[in-house]
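Student: This structure is in structure tokens; I'll ask about it shortly.
The values are calculated or read from the model by the stated rules, or taken from the named source; none is laboratory data. Small disclaimer: the values here were computed from a predicted structure and weren't measured. As a convention, Cβ positions derive from the backbone with ideal geometry for all residues, glycine included, and neighbour counts pool all protein chains shown.
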Amino acid sequence: MRQGKVKWYNGKKCFGFIAPDTPNEDGNTDDVFVHSSALKAADIRFLNENDIVEFEEEVRNGKLSVTTLKLIQRDEESA
């Protein structure tokens, strides 16, 4: 699993993006799309900007998307 910080997440729009800390095995460092379905599957109610997460991704429609998500640490300033 890769680790990164939540760049932003909008609960009303049900999606956001994660900025990964390291490149994936293909060398890609692009932000990764995260949909509310990944939060629901991980039993996470919400994400705040700068929360630290671990995630697995796959390419969907030509873009990186989160498939598995785990909350590591909440950003104390956003909580």
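Student: Check off (1) outside any strand (DSSP E or B); (2) in contact with a strand residue (DSSP E or B) (Cβ under 9 Å, 6 or more places away or on another chain) for residue 77 and give me the number that stays unchecked.
Tutor: Here residue 77 clears every test but (2).
Student: Here is a further query. How many of the residues making up the range 10-51 are hydrophobic (A, V, I, L, M, F, W, C) and over 12 Å from residue 66 (Cα atoms)?
Tutor: Within the range 10-51, residues that are hydrophobic (A, V, I, L, M, F, W, C) and over 12 Å from residue 66 (Cα atoms) number 4.
Student: How many residues does the range 31-40 hold that are surrounded by 13 or more Cβ atoms within 10 Å (Cβ to Cβ), not in a strand (DSSP E or B) and not small (Gly, Ala, Ser)?
Tutor: The total comes to 2.
Student: Among 21, 43, 26, which is the only one that is touching a Gly at 6+ places or on another chain (Cβ under 8 Å) and surrounded by fewer than 17 Cβ atoms within 10 Å (Cβ to Cβ)?
Tutor: None of the others qualify; the one that does is 21.
Student: Within the range 46-67, take every residue that is surrounded by 17 or more Cβ atoms within 10 Å (Cβ to Cβ) and among the aliphatic types (A, V, I, L, M) and give me the one that is modelled with the lowest pLDDT.
Tutor: The selected residue is 64.
Student: Taking the condition of being over 17 Å from residue 74 (Cβ atoms) and assigned to a loop (DSSP other than H, G, I, E, B), how many residues in the range 1-20 meet it? Break it down stepwise before answering.
Tutor: Taking the range 1-20 as the starting set, the residues that turn out to be over 17 Å from residue 74 (Cβ atoms) are 1-2, 10, 12-15, 17, 20.
This time we only want the ones that are assigned to a loop (DSSP other than H, G, I, E, B), so: 1, 12-14.
Of the residues in that region, 4 qualify.
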